[in-house]
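Below is one structure, written out as structure tokens, with a few remarks after it.
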Amino acid sequence: MILQHLNSLTTKHIILASSSPRRKEILQKIGLKFTVVPSEFEETLDPKSYSHPSQFVIATARGKAEEVAQRLSVPGSCRPHIVIGADTCISLEGQVFGKPKDVDDAIRMLGKFSGRGHEVLTGVCVLVGRSSGDGWREISFSESTEVQFAELPPDLIKTYVDTGEPMDKAGGYGIQGLGGTLVEGIRGDYYNVMGFPLHRFCQQLSLVLAKEGLVS
């Protein structure tokens, strides 16, 4: 796991290609030292073009990571050792839900989830600079967590949406905040529902760091 490598990683230039405060918070919890550089990747990929939502979130995460890696790898800049990209969506009966477009969209989403289970999927793409200095080694994967919602009366949904919390979150709720009161239970990684599958990330990163000889 990553625990034994954290000291070695303090000397590496690590970039989180995301403006998500939840992802920043999760990675800070384990003591990882990194710089936030929000990706300018245009998120216009069509989830219907992919056979499964997991492929969609991986492709979006890859786009975010690659855009930042390319931007920071120009001559005269400090090329990062590791770039981390991630994207989260919700899937219900084959339909993909991202962040709500407006208040009405948030109300619509939460109404669909009421009394039902849905799947939270996060795609992660980690680009690790090869020890040879030639290109990147890519780690890409997705994680899925099942979330069960309680029955939500329309007035409760509106009260929650009026707090403003849903507007920057996939599916229109944040399990780590007031949105947690809507959730009856989960099956899988809690941090994945927040937007970043911490255990799987640490597991995969540890393996590739050893392969590239970037940690002792």
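Laboratory data are not the source of any read-out in this text; all were calculated from the coordinates shown. Nothing here was measured: the structure is a model prediction, and the numbers come from that model. Neighbour counts are summed over all protein chains in view; Cβ atoms, including those assigned to glycine, are modelled from backbone coordinates with ideal geometry.
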Residue list for the range 193-209, restricted to those being part of a helix (DSSP H, G or I) and touching a helix residue (DSSP H, G or I) at 6+ places or on another chain (Cβ under 7 Å): M194, L198, S206, L209
Per-region count, the range 35-59, residues within 18 Å of V83 (Cβ to Cβ) and either among the acidic types (D, E) or out of contact with any Pro (no Cβ under 9 Å at 6 or more places or on another chain) (or both): 9
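How many residues does the range 151-192 hold that are part of a helix (DSSP H, G or I) and of a type in the set (A, V, I, L, M, F, W, C)?
So the first thing to find is which residues in the range 151-192 are part of a helix (DSSP H, G or I), and the list is 154-162, 165-168, 170-172, 178-182, 190-192.
So of that shortlist, the ones also of a type in the set (A, V, I, L, M, F, W, C) come out as 156-157, 161, 167, 170, 178, 182.
Adding up the residues that qualify gives 7.
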Index of the failed condition, R130 passing every other in (1) within 16 Å of A65 (Cβ to Cβ); (2) more than 16 Å from the chain's Cα centre (by Cα); (3) crowded, with 20+ Cβ neighbours inside 10 Å: (3)
Complete set of residues in the range 92-127 that are surrounded by 19 or more Cβ atoms within 10 Å (Cβ to Cβ) and within 20 Å of S18 (Cα to Cα): F97, G98, P100, V120, L121, T122, G123, V124, C125, V126, L127
Selected residue (only one of V183, V161 is free of Cβ contacts under 8 Å to residues at least 40 places away in the same chain and either touching a Leu at 6+ places or on another chain (Cβ under 6 Å) or farther than 22 Å from E42 by Cβ (or both)): V183
Qualifying residues in the range 69-91 (those that are of a type in the set (A, V, I, L, M) and surrounded by fewer than 18 Cβ atoms within 10 Å (Cβ to Cβ)) - the one farthest from H52 (Cα to Cα): V74
Criterion: assigned to a loop (DSSP other than H, G, I, E, B) and either touching an Asp or Glu at 6+ places or on another chain (Cβ under 9 Å) or not aromatic (F, W, Y) (or both) - qualifying residue of G115, G63, G85, G111: G115
